[in-house]
1. How much length would be gained if the chain were fully extended between R150 and A101, taking 0.36 nm per residue of separation minus their Cα-Cα distance, in nm to one decimal?
2. Give me a comma-separated list of calculated 3J(HN,Hα) values for the stretch 190-202, in order, Karplus coefficients 6.51, -1.76, 1.60 applied at θ = phi - 60°, integers in Hz, x for any Gly or Pro.
3. Kindly give Rg over Rh for the stretch 19-212, based on alpha-carbon atoms, with the Kirkwood expression for the hydrodynamic radius.
4. Can you tally the lysine pairs in the stretch 19-212 where the Cα-Cα distance is under 28 Å and the two residues are eight or more apart, or on different chains?
5. Any chance you could run the full-extension gain for N184 through I36? It's 0.36 nm times the residue separation minus the Cα-Cα distance, nm to one decimal.
Amino acid sequence: MSNSGSARQTHGPGIQRPWDARLARKLITPLKDSWITPNYLTTVRLGVGLAAAAAFMQGTYGWSNLAALLLILSNFLDHTDGELARISGKSSRIGHVYDLASDAVVTIFLFFAMGVGVGTKRSLLLGLPPAALGMAAGVAVALIFWLRMRIEHLGGKEASRQASVGGFETEDVLYLLPLVTLCNGIAPFVAAASIGAPLFALWVVFDYRRQVRRQRPQAARRRPVGAA
């Protein structure tokens, strides 16, 4: 995700890197000494992600399946800017912020767009407008990403490392979204995400607070009574 490599996790010795990150590294290696910078790849990823959102908004079966494919491409491209930054040394603070902002925009718009698409066929979902549920899910997922980045900053990469099995991480579940659209399951997906994402975000908030408490200077706990 990040041009500086901090938002998207790097993996140390003994930790299997995700398959998509390894593939992204192979594909962008020829660009190492080219004029292409990580910010160009971030922009491409942003454009593809917004195109996926626009397709989801149509609410039809065909557009939803196209949107799911664009989402997979966007999710994969999300690895390329950070990989290029790491192997080329072309990282920058501006690129890092740009990447994080792009992640947030794509995430929020994608879930909101899913809700809008569902709303073209039904006015209410779980008693609320589908677009509102999609927005809630998108904001929650964006918050989770941001808090995980902060947890990594406080406690290191090990503190924010995702569960990984066979080279696949938790967030790689998005690669299964075409199965959801093929089964015409966007409405239940949005409903589940609107409940599950905020609940998981709440858990990450508690985890973040725990990391903050752990990082408080020992001197502050030993401050003499009555000290300013």
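Just so it is clear, none of the values below were taken in a lab; they were calculated from the coordinates. This one's a predicted model, so the numbers in the text were calculated from it and none came from an experiment.
1. Working: separation 49, 0.36 × 49 = 17.64 nm, distance 1.48 nm.
Full-extension gain reported as 16.2 nm.
2. Values, residue by residue: 5, 4, 5, 5, 5, 9, x, 5, x, 5, 5, 4, 4 Hz.
3. Numbers: Rg = 17.2 Å, Rh = 17.5 Å.
Using Cα coordinates only, the ratio equals 0.98.
4. Working: K26/K90; K26/K157; K32/K90; K32/K157; K90/K157.
Close lysine pairs under the 28 Å cut-off: 5.
5. Values: separation 148, 0.36 × 148 = 53.28 nm, distance 3.87 nm.
Separation in residues times 0.36 nm, less the Cα-Cα distance, equals 49.4 nm.
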